[in-house]
Amino acid sequence: MSLDKSVESYIRQLAIERGLAKNTLLAYRRDLRNYCDFLQRAQVDDFSQVSEQRVADYAQSLVQARGLASSSVARMLAAVRGLHKFLLTENQIGQDVASAVKPPKASRRLPKAISVEEIERLLDAAGPSAEATDSVSSIRVRDRALLELLYATGARVSEVVNLDLDDLVDPTLVRLFGKGSKERIVPVGGYAQRALQAYLVRIRPGLAKLGKGTPALFLNQRGGRLSRQSAWQIITDAASEANLQSEISPHTLRHSFATHLLEGGADVRVVQELLGHSSVATTQIYTLVTVDRLREIYAMAHPRARK
């Protein structure tokens with residue numbers, strides 16, 4: 001069987017038996033397309049011809065030729081190992097030559113969070129507060145609601161732009177769908193509640209008239225669902241307006257949400273549930289951020305912390 005047909009067979013198995021999300025399947029297909037290109041450049045046109053050394057050479061090429069981060073290499077090799085394991089179970093190859101090839105150790109990068117004061121500056125720069133009455137027709141009321149909800153829930157930007165009106169369970173709760181379409185219910189704080197109410201009452205009805213009746217919570221200026229790229233631009237523009245020195249992305253709000261909760265005394269497993277992490281180990285990296293902060297405060301405050 002050709003390389004491409006083998007890959008498509010594996011992708012179908014992931015979609016049907018494991019029920020992976022569309023974006024996840026696209027990522028698998030993209031990573032495996034890159035692997036197939038590497039093999040074809042080496043005149044390999046069937047996976048039965050692949051050796052363990054060939055897979056190791058591919059892993060090395062990702063680091064040396066493309067300069068990818070260790071986390072990206074690990075992800076791409078995971079796709080390769082999964083493919084070879086599948087082909088073995090389907091009797092398309094005689095041995096799994098990828099199982100022994102290990103990814104490089106991931107460097108531990110601490111999430112980038114900003115302070116509460118910087119969050120407030122970012123939110124104020126995004127748009128007027130819910131109490132403001134002089135900007136009722138401004139699209140920036142929507143932008144403020146978007147950022148307030150991102151920070152209030154720690155949601156990924158893709159989760160928020162995919163929200164429908166029905167996902168607002170009540171004013172205090174929102175239903176989010178994370179990776180693998182896993183559902184979770186997350187509380188919405190008072191500031192975000194008021195910002196959402198201002199948007200829903202003042203702005204969304206006018207935007208909805210411009211579109212085709214989409215159930216999306218956040219609408220663009222043509223009445224369609226707000227895109228992830230547009231949400232990213234809204235955050236970038238707000239960060240520029242607020243004159244924040246740090247590099248701000250949608251994930252900055254998610255990281256700040258988790259860090260501020262832990263600094264406020266929240267249990268790490270509660271934060272895990274709110275973020276939608278499948279493993280607490282993923283969430284525990286945020287505890288390293290707060291420990292570093294504790295060391296900093298201790299060094300400044302304790303009379304005998306320094307020599």
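The values are calculated or read from the model by the stated rules, or taken from the named source; none is laboratory data. Predicted model only: the values in this text are computed from it and were never measured. Positions of Cβ are generated from backbone atoms using ideal geometry, with glycine treated the same way; all protein chains shown enter the neighbour counts.
Remark: pairs (first residue in region 183-203, under 14 Å from L150 (Cβ atoms); second residue among the charged types (D, E, K, R); Cβ separation under 6 Å; 6+ apart in sequence or on different chains) = Y191/E148; A192/E148; A195/R144; A195/E148; Y199/R142.
So, of the residues in region 15-28 that are without any contact (Cβ under 8 Å) to a residue 60 or more places away in the chain and in contact with a helix residue (DSSP H, G or I) (Cβ under 9 Å, 6 or more places away or on another chain), which turns out to be surrounded by the most Cβ atoms within 10 Å (Cβ to Cβ)? Steps first, please.
First pass over region 15-28, keeping only residues without any contact (Cβ under 8 Å) to a residue 60 or more places away in the chain: 15-18, 22, 25-28.
If we keep only those that are in contact with a helix residue (DSSP H, G or I) (Cβ under 9 Å, 6 or more places away or on another chain) too, we end up with 15, 18, 22, 25, 27-28.
Values: A15: 15, R18: 11, K22: 9, L25: 15, A27: 15, Y28: 22.
Across region 15-28, the extreme among qualifying residues is Y28.
Of the helices (runs of 4 or more DSSP H) that lie entirely inside region 55-174, those containing 2 or more residues that are modelled with pLDDT under 85 and either surrounded by fewer than 20 Cβ atoms within 10 Å (Cβ to Cβ) or not assigned by TED's automatic domain parsing to the domain that holds Q43 (or both) span 70-89. Just so you know, in region 204-220 the residues that are touching a residue at least 12 places away in the same chain (Cβ under 8 Å) and of a type outside the set (A, V, I, L, M, F, W, C) include one that is nearest to D164 (Cα to Cα), and it is P215. Residues that are under 21 Å from L123 (Cβ atoms), surrounded by 15 or more Cβ atoms within 10 Å (Cβ to Cβ) and not acidic (D, E) within region 252-270 comprise T252, L253, R254, H255, S256, F257, A258, T259, H260, L261, L262, listed in sequence order.
Listed here are the residues, each with its yes/no results for (1) among the β-branched types (V, I, T); (2) within 23 Å of G206 (Cβ to Cβ).
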residue	(1), (2)
S129	no, yes
V157	yes, no
V161	yes, yes
D167	no, yes
L173	no, no
F177	no, no
